[in-house]
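Written out below as structure tokens is the structure these notes cover.
A short reminder: the numbers here are calculations on the coordinates, not readings from a lab. The structure displayed is predicted, hence computed values, not measured ones. Glycine also receives a Cβ, built like all others from the backbone with ideal geometry; neighbour counts cover every protein chain displayed.
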Amino acid sequence: MRYPDQIPPEQLTSHASDDMLLFTAVLSIIIGSILIWLGRRGKQLWMVVWSIGLIICSVLMGASILI
């Protein structure tokens, strides 16, 4: 199966709005914070590291939506 080289912009945004993406970013920050707390409590370094990465990606995505 061959995929098209470019997807039309109207097809990319047909099901997602900026408000929903911003909500996803905020929710990811909250979930990341909870996972950091759980990772520190359970002494799981991998969970802390992945949660910090989740928060960084969410902040960058949220900033790109707002700017």
Check: Normalised by the residues of the stretch 18-66, what does the relative contact order come to in percent, with Cα pairs under 8 Å and at least six apart?
Finding: 50
Check: Stretched out fully, how many nm does the piece from Ile52 to Leu22 gain, at 0.36 nm a residue minus the Cα gap?
Finding: 9.0 nm
Item checked: Cα radius of gyration and Dmax for the stretch 18-66 (Å) -> 11.5, 36
Next item on the list: In nm, give the distance between the simple-model label positions of Ile67 and Gln6, each being 7 Å from the Cα along the Cα-to-Cβ direction.
Entry: 2.5
